[in-house]
Structures are given as structure tokens and as C-alpha cells.
1. Could you tell me whether any residue of region 89-101 is part of a helix (DSSP H, G or I), under 22 Å from the mean Cα position of the chain (by Cα), among the polar types (S, T, N, Q) and modelled with pLDDT of 95 or more?
2. If you scan region 130-141, which residues turn out to be over 16 Å from the mean Cα position of the chain (by Cα) and either more than 14 Å from LEU60 (Cβ to Cβ) or among the charged types (D, E, K, R) (or both)?
3. Would you pick out the residues in region 29-62 that are among the small types (Gly, Ala, Ser) and part of a helix (DSSP H, G or I)?
4. Restrict the check to region 16-28 and report whether at least one residue is on the phi > 0 side of the Ramachandran plot and at pLDDT below 90.
5. When you check ALA105 against the structure, is it surrounded by 11 or more Cβ atoms within 10 Å (Cβ to Cβ), modelled with pLDDT of 90 or more and of a type in the set (A, V, I, L, M), yes or no?
6. With ILE57, ILE18 as the choices, which residue is outside the structural domain of LEU129 (by TED's automatic domain parsing), crowded, with 17+ Cβ neighbours inside 10 Å, farther than 29 Å from SER90 by Cβ and in contact (Cβ under 8 Å) with a residue 60 or more places away in the chain?
7. Is there a residue being of a type in the set (A, V, I, L, M) and farther than 29 Å from GLY17 by Cβ anywhere in region 80-96?
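The values are calculated or read from the model by the stated rules, or taken from the named source; none is laboratory data. Only a predicted model underlies this, so the values are computations on that prediction, with no experimental measurement involved. Reconstructed Cβ throughout: ideal geometry from the backbone, glycine too, with neighbour counts over all protein chains shown.
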Amino acid sequence: MLGSFLQCVGMACLAGGIAHIDNNKPAGAAATFGLFLFIASFSSTWLPVAWMYAAEISALAVRSQVAALSAGAQYACNFAVVMVTPVGISSIGWKYFVIFGVFNAVTIPILYLFYPEVAGLSLEGVDELFADGKVTMRRSPRDGIVNEDHHLAMMTQKSHAEKGEFYEHA
């Protein structure tokens, strides 16, 4: 969410700077700052998502396929942005960057509402977030996993495994 916020601010600075760029040094500085802020925040937050988050939230059986699809989708989206941006800038000018800023602003509540936090969890812990066909939302790395039924089943299974007893779940 921080990355989306910083990219939104960067796009606002870039759009505002370019809108008032005619012989205006401060506007040029604002646009330059916005561009550098966007690039720094994108490359440190959103760029690695295709390789990290998709692989972390996927079941082990399909993890490699999901990671490959995610990376391919990111490359396709980046390609589309690179191809559309020159046309957009020549057509609507600085307003093109406002569109990117709005998209980044809209992403913030979507991330908060629909993407569970996986920081600090093992891959098994991440699997617990998606147990029994339900998604357990986790908003902060300080939050525990709230799905008590699945957690109890996992602890029982671990206890039996430690005693050398193995069984199948029904």
C-alpha cells in the first residue's frame, strides 16, 4: 500500500509539474521529483510482486506455474504500458499521468480489503490463510492466523506425526 501511495504522489507531482512546465524551473523540479519518486517506489515495491507474492500465496502443487503466469502477466502489462504511454502523452499530455495516479490511489483500498498480509509467515502459515476454501484476512504482520478450526487440525496432525501416528484427513 505504501508503494501505491508513493507512486500516486509521484504521478501527481509529475502531472502538476508538466502541466506548468513552460519556463518554470520549480515545475520542472516537481516533475523530476515525481518521476524519480515513482521509479524508486515502483522498483522497490511493485516490481518484485510478480515473483514474490504470487509464489507465496500459491499451494505447493501449483507454485511454479503460478509464479510463471504472474511474471508473464507482469511482463505483458509492462509491455502494454510502454506501448501505450507515447500515444497517451501525445494525445492528452500531462493528464495521462493523472490516470496513473488515480489507478494507484484506487489500488490502496483494494490491497487492504482483498490481499492478506503474509509477512513473517512460513509457507505453511500462508497455506493456513487459505485453508478449507476460506481466506483468513491478516492486515498486519503482528496479526495471528484467526482460522482456529484449521489451526487446531494442523496442531493435532503435527502431534500425531510426532508420535509416529499418521492418518488421512476425511
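1. No: zero hits.
2. ASP132, GLY133, LYS134, VAL135, THR136
3. Selection gives ALA29, ALA30, ALA31, GLY34, ALA40, SER41, SER43, SER44, ALA50, ALA54, ALA55, ALA61.
4. yes
5. In short, yes.
6. After applying the criteria, what remains is ILE57.
7. There is no residue in region 80-96 that is of a type in the set (A, V, I, L, M) and farther than 29 Å from GLY17 by Cβ.
One line per residue, one yes/no per condition, for (1) assigned by TED's automatic domain parsing to the domain that holds ALA31; (2) touching a residue at least 40 places away in the same chain (Cβ under 8 Å):
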position: TRP94; (1), (2): yes, yes
position: PHE97; (1), (2): yes, yes
position: ILE108; (1), (2): yes, yes
position: LEU129; (1), (2): no, yes
position: LYS134; (1), (2): no, no
position: MET137; (1), (2): no, no
position: SER140; (1), (2): no, no
